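Please treat every number below as a calculation from the coordinates, not as lab data. All figures in this text were calculated on a predicted structure; none of them were measured in a lab. All Cβ positions, even for glycine, are placed from backbone atoms using ideal geometry, and neighbour counts span all protein chains on display.
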Amino acid sequence: MDAKKTVSVVFVFLLISCIPALARENGTGAYANDKGVEDSSITYENFPVYKVMEAREAYVVVYNPSGTRMTNCVIPKKWQKGTVDDPRKLEIRAMQKNLKPYMTYVKKDGAFYKVLLTLPLSKLDSVWGVVDDSYKLNDADLSKDTLVLD
């Protein structure tokens with residue numbers, strides 16, 4: 001009786017250990033999921049946002065990229081408007097009450113695709129501010145087509 005149990009356990013163990021070796025690989029080198037669909041080419045990263053300062057033509061976002069330091073990026077307001085040929089690259093979403101503000105940096109095929117700001121929509125909230133008149137935004141920040149984060 002013990003020999004039958006041992007053989008059964010070994011057989012089940014061998015069967016389970018062979019499953020990864022039998023997984024099908026699709027043509028791109030990536031493994032297909034259980035429905036035969038490839039993984040998405042879109043990836044994202046979330047960053048806490050501490051302040052969003054509004055200027056006439058852009059937003060200056062103060063965020064935390066690594067957990068140990070703060071930095072900022074300039075996002076042109078014109079990115080909120082899209083066309084058929086050039087979809088919008090900035091979306092501001094309403095933040096739920098139990099969350100803190102954050103920025104989602106979205107890449108498609110490894111390159112910048114769009115940025116999502118999840119913020120309280122009321123400009124009276126402490127996360128919102130106004131850029132000081134002495135701070136000059138340069139033309140390169142206002143006319144850029146991509147966003148590179150530190």
Starting at the first residue of the range 60-71, write each ³J(HN,Hα) from the Karplus equation 6.51 cos²θ - 1.76 cosθ + 1.60 with θ = phi - 60°, in whole Hz, x for Gly and Pro. 9, 9, 9, 9, 10, x, 10, x, 10, 8, 10, 8
Determine the alpha carbon to alpha carbon distance for each of Lys100/Lys136; Lys78/Lys100; Lys78/Lys114; Lys114/Lys136; Lys97/Lys123 and list only those over 19 Å. Lys100/Lys136; Lys78/Lys100; Lys114/Lys136
Order by protection proxy (mean Cβ within 10 Å, highest first), peptides 50-63, 99-112: 50-63, 99-112
Using amide H atoms built 1.01 Å from N in the peptide plane, name the residues 5+ places from Gly82, or on other chains, whose amide H lies under 5 Å from its own. Arg88
How long is the gain from Thr43 to Phe112 if the chain were fully straight, where each residue apart is worth 0.36 nm and the alpha carbon distance is subtracted? 23.9 nm
